[in-house]
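Scroll down for the structure; my scribbles are underneath it.
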Amino acid sequence: MKFLVCISKTPETTAKIAFTENNTEFDTSGVQFIMNPYDEWYALVRAVELKESLGGEVVAINVGPASNDIIIRKALAIGADRAIRINAEPESALGVAKLIADHAKDEQYDIVFTGKETIDFNGSEVAGMVAEYLDLPFISYASKLEMEGQTATINRDIEGGVEGIKVDTPFVISAAKGLAEQRIPNMRGIMMAKRKPLEVIEPGDIPAPVSVVKYELPEKKEGVKLVDPENMDELVRLLHEESKVI
Amino acid sequence: MGQNDTISEDVKFSTKTDQYEGHDYYNLDDLLSEDHLLARDAVRAWVKQEVSPIIEHYSNKAECPTQLFKGLAEIGAYGPSIPTQYGGGGMDEIAYGVIMQELERGDSGVRSMASVQGSLVMYPIYRFGSEEQRMKYLPKLGSGELIGCFGLTEPDHGSNPSGMVTNIKDDGDAYILNGAKMWITNSPVADIAVVWAKDEEGVVRGLIVEKDMEGFTAPEIHGKWSLRASITGELVFEDVRVPKSNVLPNVTGLKGPLSCLSKARFGIAWGAIGAALDCYDSALRYSLEREQFGKPIGGFQLTQKKLAEMITEITKAQLLAWRLGTLANEGKATPAQISMAKRNNVHMALEIAREARQIHGGMGITNEYPVMRHMMNLETVLTYEGTHDIHLLITGMDVTGLNAFK
């Protein structure tokens, strides 16, 4: 089977978030970047597991500049067989989806994986748009995926429960927690990754229907007030006078 | 042995998340390659997953987490710079350095488990062994199927290894080995020992001794206040018959063991930075959380002095290690240069552990925080693999040409 895993670069989870250019651009200075955890821990690892049990090939794809190569190497170290980087700034979900679809449309992938969202912009858009461009079924928030022949049995996370579905390949799937377990690349994998092909392709036309007007940080949270469990009167007073909820 | 079986009900594993972040004040990451960064981040993730949740428990109980031997093999921490066909990682010396740094960030004892296996067991077999010896032992050592240890130090010969009394006598197709070695990391759990002994002409030779050879025992040394999660023992040889095929054919004299120590000391020069970074990281975070007199203690000048000096010393040590790594990659790092880095960086780490302990106040002496454990570990690291003072004399001899050892 042939698997395509879309990987994205996101700020490390403890990065301090600030903006530049009159609050229209994310300030990347001093920020460490990682592979988006949903792409890495769940989408990529499940694809690698399926390849290991069923045979085939895992291709990792990223839309981004050359500085993204390190996260692409990490995907190769974890077990992707080869990688493609589309040399363009990932400015909108639609643009990224179009570029991925441009590559995938003639490649006969059985399953196209993404994470359920990136942990920076949390758009959850790319996978659905890729499916639309490729005219394939799209299964979101998958927490379990088993293959039997060309048929996949999938659990989707839904509000308050799980939806079980079946779908035949090819399809697009977005991975939620539980689809696989994080794999830490070992030194052998890191060295093998150096010899795996990383193909850089130049982008075709990029639709850009969206532009950022402004980013805002959420208001700073106030500190928590601890109230002694014996002192209910104080709790009632605070709820009444300070937070004014009763 | 499944270590989980031995954990008593009343001792809980740490539920605290390891919040460690690396610190790179001079953007030294720019000097590292993709492989180095990937290796470092992989080992950091492994330490957070496998070491941090259990290390206080094992250290507190003075018990070796032997399950980590396999995990260290899987991540590729044994002999990363040994070629892959011999079970190593085929990486360069800086990769070896950053791996040791991240392991020691977790615990000096865990780093010791790995550096003994890689630098003191696999390296001499790779460098001085016959092709048969390499193929027989190295892949199994690399995969953790075999655990090794290294016997040089004796009860009466530490800084002066040339005075060793452990000896071999020719007995046809074998040598008869007698003597004792002391302070041997991993020895009670080791399957093989690389042992250095004098032949009848007084020439130091290296031998691979296997644990089931008659007359060979490896009793554990108890009562350590340092490296408590690492197992340490003796090696005792009473008329042990070691086949001549187990002698390392390609080295004679002390340069054999000393070249292994250079390898290991190189790893320690990097490793100590990891322990220092963990102490600094914990102290910095604590100084911003802990309030006294109505503000975080990080806002007071004396705390800032400590933190500023810590990151300055760490940055200098990182530069020293990086430059030593580039020299080692070119095959140009001298033993004296390695001594300087080992001595400087371990002392730096120990001083930082002590300062970090003060910033943590009373909490610093508990196992809620890693600093006291690092501090106690570093007391060993300060004198093993060449004492702080001996390394000074090596530098002294190197710059004056005069030998002050005797």
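The values are calculated or read from the model by the stated rules, or taken from the named source; none is laboratory data. Predicted, not measured: the structure shown is a model, and the values here were computed from it. Every residue, glycine among them, receives a Cβ derived from its backbone with ideal geometry; neighbour counts consider all protein chains shown.
For segment A:21-29, the count of residues that are crowded, with 21+ Cβ neighbours inside 10 Å, within 13 Å of chain B (Cβ to nearest Cβ) and not aromatic (Phe, Trp, Tyr) is zero. From the list A:ALA131, A:ALA104, A:ALA60, the lone residue that is modelled with pLDDT of 95 or more and in contact with a Lys or Arg (Cβ under 9 Å, 6 or more places away or on another chain) is A:ALA60. Scanning segment A:193-203 for residues that are within 14 Å of chain B (Cβ to nearest Cβ) and touching a strand residue (DSSP E or B) at 6+ places or on another chain (Cβ under 7 Å) returns A:LYS196, A:LEU198. With respect to B:CYS279, determine if the residue is at pLDDT 95 or above and in contact with a helix residue (DSSP H, G or I) (Cβ under 6 Å, 6 or more places away or on another chain). The answer is yes for B:CYS279. For segment B:40-53, the set of residues classified as over 19 Å from the mean Cα position of the chain (by Cα) and more than 12 Å from chain A (Cβ to nearest Cβ) consists of B:PRO53 only. Would you call A:ALA83 at negative phi and within 14 Å of chain B (Cβ to nearest Cβ)? When the stated conditions are applied, A:ALA83 passes them.
Taking the stated definitions as given, is A:ILE246 modelled with pLDDT under 90, of a type in the set (A, V, I, L, M, F, W, C) and in a loop (DSSP other than H, G, I, E, B)? So A:ILE246 passes the test. Check segment B:169-182 and report whether any residue there is out of contact with any helix residue (DSSP H, G or I) (no Cβ under 8 Å at 6 or more places or on another chain) and free of Cβ contacts under 8 Å to residues at least 12 places away in the same chain. Among the residues of segment B:169-182, at least one is out of contact with any helix residue (DSSP H, G or I) (no Cβ under 8 Å at 6 or more places or on another chain) and free of Cβ contacts under 8 Å to residues at least 12 places away in the same chain, which makes the answer yes.
Of all the residues in segment B:166-175, those that are exposed (fewer than 13 other Cβ atoms within 10 Å of the Cβ) and either closer than 19 Å to B:PRO219 by Cβ or not charged (D, E, K, R) (or both) number 1. All of B:GLY325, B:GLY362, B:GLY298 fail the test of being buried (at least 22 other Cβ atoms within 10 Å of the Cβ) and part of a helix (DSSP H, G or I), apart from B:GLY325.
Restricting to segment B:74-89, and then to whatever is touching a residue at least 40 places away in the same chain (Cβ under 8 Å) and part of a helix (DSSP H, G or I), can you tell me which residue is nearest to the other protein chains (Cβ to nearest Cβ)? Of everything passing the filter in segment B:74-89, B:GLU74 is nearest to the other protein chains (Cβ to nearest Cβ). Would you check which residues across segment A:113-149 are in a strand (DSSP E or B) and not hydrophobic (A, V, I, L, M, F, W, C) and list them? A:THR114, A:GLY115, A:SER140, A:TYR141, A:SER143, A:LYS144, A:GLU146, A:GLU148, listed by residue number. State whether one or more residues within segment A:101-115 are buried (at least 17 other Cβ atoms within 10 Å of the Cβ), closer than 20 Å to A:GLU40 by Cβ and of a type in the set (D, E, K, R). No. Condition first: under 17 Å from B:ASN186 (Cα atoms), within 13 Å of chain A (Cβ to nearest Cβ) and hydrophobic (A, V, I, L, M, F, W, C). Can you find one or more residues in segment B:60-67 that meet it? Among the residues of segment B:60-67, not one is under 17 Å from B:ASN186 (Cα atoms), within 13 Å of chain A (Cβ to nearest Cβ) and hydrophobic (A, V, I, L, M, F, W, C), which makes the answer no. Restricting B:ASP30, B:ASP35 to those that are in contact with a helix residue (DSSP H, G or I) (Cβ under 7 Å, 6 or more places away or on another chain), part of a helix (DSSP H, G or I) and farther than 18 Å from B:GLY271 by Cβ reduces the list to B:ASP35. Among the candidates B:GLY158, B:GLY144, B:GLY87, B:GLY163, the residue that is surrounded by fewer than 21 Cβ atoms within 10 Å (Cβ to Cβ) and at positive phi is uniquely B:GLY144. The single condition among (1) at pLDDT below 95; (2) over 14 Å from the mean Cα position of the chain (by Cα); (3) at negative phi that A:PRO90 does not satisfy is (2). Tell me, yes or no, whether segment A:211-233 has at least one residue that is in contact (Cβ under 8 Å) with a residue 40 or more places away in the chain, away from chain B (no Cβ under 14 Å) and surrounded by 11 or more Cβ atoms within 10 Å (Cβ to Cβ). Among the residues of segment A:211-233, at least one is in contact (Cβ under 8 Å) with a residue 40 or more places away in the chain, away from chain B (no Cβ under 14 Å) and surrounded by 11 or more Cβ atoms within 10 Å (Cβ to Cβ), which makes the answer yes. Quick check: is even one residue across segment B:61-79 closer than 23 Å to B:GLN318 by Cα and among the β-branched types (Val, Ile, Thr)? No, there is no match, as no residue in segment B:61-79 is closer than 23 Å to B:GLN318 by Cα and among the β-branched types (Val, Ile, Thr). If the condition is being at the interface with another protein chain (Cβ under 8 Å from one of its Cβ atoms), under 19 Å from A:ASN68 (Cβ atoms) and acidic (Asp, Glu), then segment B:18-39 contributes B:GLU34, B:ASP35.
Consider segment A:147-162 and keep the residues that are exposed (fewer than 12 other Cβ atoms within 10 Å of the Cβ) and of a type in the set (Asp, Glu). The one that is farthest from the chain's Cα centre (by Cα) is A:GLU148.
When segment A:19-58 is filtered for residues that are on the phi < 0 side of the Ramachandran plot, part of a loop (DSSP other than H, G, I, E, B) and in contact (Cβ under 8 Å) with a residue 24 or more places away in the chain, the ones remaining, listed by number, are A:THR24, A:ASN36.
Take the residues in segment A:30-60 that are over 30 Å from A:THR151 (Cβ atoms) and hydrophobic (A, V, I, L, M, F, W, C); name whichever of them is surrounded by the fewest Cβ atoms within 10 Å (Cβ to Cβ). The qualifying residue surrounded by the fewest Cβ atoms within 10 Å (Cβ to Cβ) is A:VAL31.
The rows are residues; the columns are (1) at negative phi; (2) under 25 Å from the mean Cα position of the chain (by Cα); (3) crowded, with 20+ Cβ neighbours inside 10 Å; (4) not hydrophobic (A, V, I, L, M, F, W, C).
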{"site": "B:ILE192", "(1), (2), (3), (4)": "yes, yes, yes, no"}
{"site": "B:THR217", "(1), (2), (3), (4)": "yes, yes, no, yes"}
{"site": "B:PRO243", "(1), (2), (3), (4)": "yes, no, no, yes"}
{"site": "B:TRP270", "(1), (2), (3), (4)": "yes, yes, yes, no"}
{"site": "B:ALA276", "(1), (2), (3), (4)": "yes, yes, yes, no"}
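Per-residue answers, yes or no, for (1) touching a Pro at 6+ places or on another chain (Cβ under 7 Å); (2) closer than 25 Å to B:VAL242 by Cβ; (3) part of a loop (DSSP other than H, G, I, E, B):
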{"position": "B:TYR58", "(1), (2), (3)": "yes, no, no"}
{"position": "B:GLY71", "(1), (2), (3)": "no, no, no"}
{"position": "B:MET91", "(1), (2), (3)": "yes, no, yes"}
{"position": "B:ILE99", "(1), (2), (3)": "yes, no, no"}
{"position": "B:GLU102", "(1), (2), (3)": "no, no, no"}
{"position": "B:TYR123", "(1), (2), (3)": "no, yes, no"}
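Where strands (runs of 3 or more DSSP E) fall entirely within segment A:150-192, those with at least 2 residues that are among the aliphatic types (A, V, I, L, M), farther than 22 Å from A:TRP41 by Cβ and more than 14 Å from every other protein chain (Cβ to nearest Cβ) are at A:161-168.
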